[in-house]
Amino acid sequence: MEENINKQQLFIGSCIALVVTSMTFAIRAKLEMVFGPAGVGLSLEQIGTAFAPAFWGFTLAMIFGGPLVDSLGIKRISWIAFVTHAIGITLTIMANDMNSLFIATLFVGIGNGMVEAAFNPMIASMFPTKKTKMLNRFHVWFPGGIVIGSILGWLVMDVMGLSWQIMVGLLYIPVIIYGLIFWGKKFPVTERVQMGGSFGNMVRNLGKPLFIFMVVCMLMTAASELGTTQRIESLLHNSVAYPLLVLAFINGIMALGRAFAGQVIHKLQPAGMLLFSAIFTFIGLWLLTITSGGFTFAAAAVFAIGVTFFWPTMIGFVAEYLPETGALGLSIMGGAGMLSVSLVLPIMGRLMDTANATEALRTMSILPAILIIAFLGLNIYMRKKYKTPLVQNN
């Protein structure tokens, strides 16, 4: 049965599906100005509220999709992602106020969540000896898609002067491509199904202190990365002419870093990578509060180095060291990350409405400061518990 599965094509299709997910993040960042005070007239806090379902919808999709991926199968969950992506894009093009934008963003968020719910466990199942490495390669296409979306948004609206609806409509192209790739393909089963573990046992393992610790940390790592980049237009519009190009720059660095993640994993191990990431993220956020013009790109580079490995290494850590939590564990991790972003977006909007972007960035820097302490403790714990590394990079 295993030999009938085309792992390469499934991996490529999953990467393109993730490109759709990440392009929605870049395009949504551009839509902030379209629907903002100078456009439709929404306040920055209202925009944060309208954008929030992209993240808690993502969370719900992952938490429900996580256990369903075992029972319904990876293939069915991937097609749910396809349908909800298509609906969300169509509704976004039709949106004209906060409520319609809210509903459209919810469908997009569900589609994005189903992508993560299906393909994180699929990749872990297809590459059992290279989980962290291959999950990092998969997640190359999150920043990669943001680069694509950012540049397309800049070209369509700022250079060519076309409508924002055309920019959003470009999302149909990768959606159709990944649908065609998956058409008629055979998908693998998840690791839990392979091992014959019970759902009850998987749920019991979610109560392990190490897993709970990682979920709490995921709340902060995701908010540090995505809370900042999702509001890049508002945060940096007084610092640089085209904030969307800074977003493309940040994610270009992230894509390169994740493409060569194997060597970094070999040197630092997952816990070491997370500590490294927290330190650079903290420094980068503070530098963004005191720079402008070309120096903003230097500060953004430091921030990018910090957040590059956060998401895939958090997911990879659980896949490597807590495999008994299964697909549900991976979904809870991703869902917790997106839930935290849905909470911080309105808070950041309120800070920018009542204070300024600098205050919002300084407030966000509290999160990686806490993570530095948390991941320092994790490194000490892991060195004591595991004398030899579990990660294989061949």
* Enumerate the pairs (first residue in segment 154-180 and closer than 19 Å to residue 91 by Cα; second residue anywhere and open to solvent by less than 60 Å² (accessible area, probe 1.4 Å) and of a type in the set (Lys, Arg)) with beta-carbon separation below 9 Å, excluding pairs fewer than 6 apart on the same chain, so at least 6 apart or on different chains. => 164/30; 167/30
* Out of segment 76-96, which residues are within 18 Å of residue 167 (Cα to Cα) and either of a type in the set (D, E, K, R) or open to solvent by less than 60 Å² (accessible area, probe 1.4 Å) (or both)? -> 85, 86, 88, 89, 90, 91, 92, 93, 95
* To do: Those residues that are among the basic types (Lys, Arg) and either modelled with pLDDT of 95 or more or part of a helix (DSSP H, G or I) (or both), I need them from segment 182-235; list them, please.
  => 192, 204
* How many residues are under 17 Å from residue 15 (Cα atoms) and under 20 Å from the mean Cα position of the chain (by Cα) when one looks only at segment 63-78? -> 3
* For the subset of segment 335-394 comprising residues that are among the β-branched types (Val, Ile, Thr) and either open to solvent by 70 Å² or more (accessible area, probe 1.4 Å) or at pLDDT below 80 (or both), which member is nearest to residue 43 (Cα to Cα)? -> 354
* Asked: What number of residues within segment 292-305 satisfy the criterion of being in contact with a helix residue (DSSP H, G or I) (Cβ under 7 Å, 6 or more places away or on another chain) and either modelled with pLDDT under 85 or crowded, with 24+ Cβ neighbours inside 10 Å (or both)?
  -> 3
* Please go through segment 141-174 and pick out each residue that is crowded, with 22+ Cβ neighbours inside 10 Å and of a type in the set (A, V, I, L, M, F, W, C). => 141, 142, 146, 147, 167, 168, 171
* To do: Mind listing just one residue for me: the one in segment 109-133 that is open to solvent by 10 Å² or more (accessible area, probe 1.4 Å) and at pLDDT 90 or above and, of those, nearest to residue 334 (Cα to Cα)?
  => 114
* So is residue 43 over 19 Å from residue 181 (Cα atoms), free of Cβ contacts under 8 Å to residues at least 24 places away in the same chain and either open to solvent by 10 Å² or more (accessible area, probe 1.4 Å) or β-branched (Val, Ile, Thr) (or both) or not? -> no
* Asked: Is it the case that some residue within segment 340-359 is assigned to a helix (DSSP H, G or I) and farther than 27 Å from residue 299 by Cβ?
  -> no
* To do: Go through segment 290-329 residue by residue and tally those that are out of contact with any His (no Cβ under 7 Å at 6 or more places or on another chain), in contact (Cβ under 8 Å) with a residue 40 or more places away in the chain and part of a helix (DSSP H, G or I).
  => 26
* Asked: Restricting to segment 66-114, what's the tally of residues that are over 16 Å from residue 18 (Cβ atoms) and touching a His at 6+ places or on another chain (Cβ under 9 Å)?
  -> 1
* With respect to residue 318, is the statement that it is touching a Ser or Thr at 6+ places or on another chain (Cβ under 7 Å), at negative phi and modelled with pLDDT of 85 or more true? -> yes
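The values are calculated or read from the model by the stated rules, or taken from the named source; none is laboratory data. Predicted, not measured: the structure shown is a model, and the values here were computed from it. Glycine gets a Cβ as well: all are built from the backbone with ideal geometry, and neighbour counts include every protein chain shown. We work out accessible area using only protein heavy atoms, side chains counted, and drop any ligands, DNA or RNA first. Shrake-Rupley method; radii C 1.70, N 1.55, O 1.52, S 1.80 Å.
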